[in-house]
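Peer 1: Structure below; questions to follow.
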Amino acid sequence: MALLETVKRGLLVLVLGLSLCACLSNSSRVRPEDNVPTGGESDGEWAAGATFEGEASWYGEKFHGRLTANGETFDMNALSAAHKTLPLGSTIRVTNLANDRSVDVRVNDRGPYAGGRVLDLSKAAAGRLGFLNQGTARVRAELLDVGDNAYAKQGVVAEHGDDAASEPSDSSLETPEDGETAGKRIRIGPYSSRWKAERIFYYLRGRYESAEIHSKNEEFYVFIGPFTTEDVRREIFSDLDREGYDPVLD
């Protein structure tokens, strides 16, 4: 009889243990809504209906009037956005999850590259969503229309794949060799495509107005400088190296 009771108690403990493990497993399982982006992005490809969630920020006066990643002039009063990988020219519907406000914006720039954020919105778009004062907001974005990555240059729209049309003139693409500037810049790269170099350039340009894209032997680089003193150049070099850009003193 005692043996039977012991067996029963053992079975009860085993069942309770298995149940507890199952509960812990279910509680730590990733929820479907956590799997973002969803609905279309696969291996870098985007399709209409794709959605993603995350923290969004906004940018305005500091970049107003500067060129965006697709060659347009940034207008902080227009409804636009910057995203790291969405095709330029795409239209997305952004919803502020805190107040359920929505706005449709056009992706014409690259970024953001800080704080794990998924979108950088224009000042006007952030105002529509009601988070100008907060600075950031948790948002959900839905891809409505996939852009064609068209690059606007000197009033002409050209495809990024068309190197002759989308790149600057040949003279501006050559590595600097001027005696006054050679050896006084910082080089980041190389990158296999201009698009990859642009992702770095359009982030760093906010900190360094001298940032430029150059190419040599079908590889693309981002150059920063020249600098007023060698000490300044080495200080900025250290900052970029610490941030993981793998800079080179050129």
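The values are calculated or read from the model by the stated rules, or taken from the named source; none is laboratory data. Note that the structure is a prediction, hence the values are computed from the model and not measured. Glycine also receives a Cβ, built like all others from the backbone with ideal geometry; neighbour counts cover every protein chain displayed.
Peer 1: Could you tell me whether region 68-75 includes any residue that is more than 27 Å from Ala211 (Cα to Cα), out of contact with any Lys or Arg (no Cβ under 9 Å at 6 or more places or on another chain) and either among the charged types (D, E, K, R) or surrounded by fewer than 21 Cβ atoms within 10 Å (Cβ to Cβ) (or both)?
Peer 2: Checking region 68-75: not a single residue is more than 27 Å from Ala211 (Cα to Cα), out of contact with any Lys or Arg (no Cβ under 9 Å at 6 or more places or on another chain) and either among the charged types (D, E, K, R) or surrounded by fewer than 21 Cβ atoms within 10 Å (Cβ to Cβ) (or both).
Peer 1: Out of Ile236, Ile200, Ile224, I need the residue that is buried (at least 18 other Cβ atoms within 10 Å of the Cβ) and over 22 Å from Val118 (Cα atoms). Which one?
Peer 2: None of the other options fit; the residue is Ile224.
Peer 1: While we're on this one: Show me the strands (runs of 3 or more DSSP E) entirely contained within region 150-250 in which 1 or more residues are out of contact with any strand residue (DSSP E or B) (no Cβ under 6 Å at 6 or more places or on another chain), modelled with pLDDT under 90 and of a type outside the set (Lys, Arg).
Peer 2: 150-153, 156-159, 212-216
Peer 1: If you don't mind, there's one more thing I want to ask. Considering only residues that are among the hydroxyl-bearing types (Ser, Thr, Tyr) and more than 15 Å from Ser122 (Cα to Cα), which ones fall in region 64-89?
Peer 2: Thr85
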